[in-house]
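Right, one structure below, let's go through it.
Throughout, read-outs are computed from the coordinates displayed, never taken from laboratory work. Everything numeric in this text was worked out from a predicted model, so none of it was measured. Glycine gets a Cβ as well: all are built from the backbone with ideal geometry, and neighbour counts include every protein chain shown.
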Amino acid sequence: MKVEIKFNAVEKVGIKTKLDEEKKELIGTITVEGLINPSQVARLLNLQKTGAPLFMLIGSDQAMMDLSVEPMREKEPVAAGVTPSDE
């Protein structure tokens, strides 16, 4: 069963990262300040108490700053004496 915890509005987000030398993993700590219904807090505390595996997804209705990643292809070699427009 899928459970979602929703902040009604996010005012501030803080992010700290550190490298776990032993595991060779980047560890992130995210702090959020915003409007949340007390029932959502109770739901999160209950999930932590049960030890359920958690994941986090952060979204925005206005994601103009998202990066677009496109694969780059190397250009095919062109035969001597042939211009790309001749093909």
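Could you list, in sequence order, the residues of the stretch 42-62 that are in a loop (DSSP other than H, G, I, E, B) and among the charged types (D, E, K, R)?
We begin by selecting, within the stretch 42-62, every residue in a loop (DSSP other than H, G, I, E, B); these are 51-62.
Matches in the stretch 42-62: Asp61 only.
Spot the failing condition for Arg43; the list is (1) surrounded by 10 or more Cβ atoms within 10 Å (Cβ to Cβ); (2) in contact with a strand residue (DSSP E or B) (Cβ under 9 Å, 6 or more places away or on another chain), and only one is missed.
Only one criterion is unmet by Arg43, namely (2).
Here's a check for you: in the stretch 2-28, which residue that is on the phi < 0 side of the Ramachandran plot and not in a strand (DSSP E or B) is surrounded by the most Cβ atoms within 10 Å (Cβ to Cβ)? So that I can check it myself, show each step before the final result.
Taking the stretch 2-28 first, the residues on the phi < 0 side of the Ramachandran plot are 2-23, 25-28.
Filter once more, keeping what is not in a strand (DSSP E or B): 2-6, 21-23.
Values: Lys2: 3, Val3: 10, Glu4: 7, Ile5: 15, Lys6: 8, Glu21: 7, Glu22: 6, Lys23: 8.
Ranking the qualifying residues of the stretch 2-28, first place goes to Ile5.
What pairs come up if the first residue lies in the stretch 19-41 and is over 18 Å from Glu4 (Cα atoms), the second is among the polar types (S, T, N, Q), and their beta carbons are under 9 Å apart, counting only those six or more places apart or on different chains?
These pairs meet every condition: Leu26/Thr17; Ile27/Thr17; Gly28/Thr17; Thr29/Thr17.
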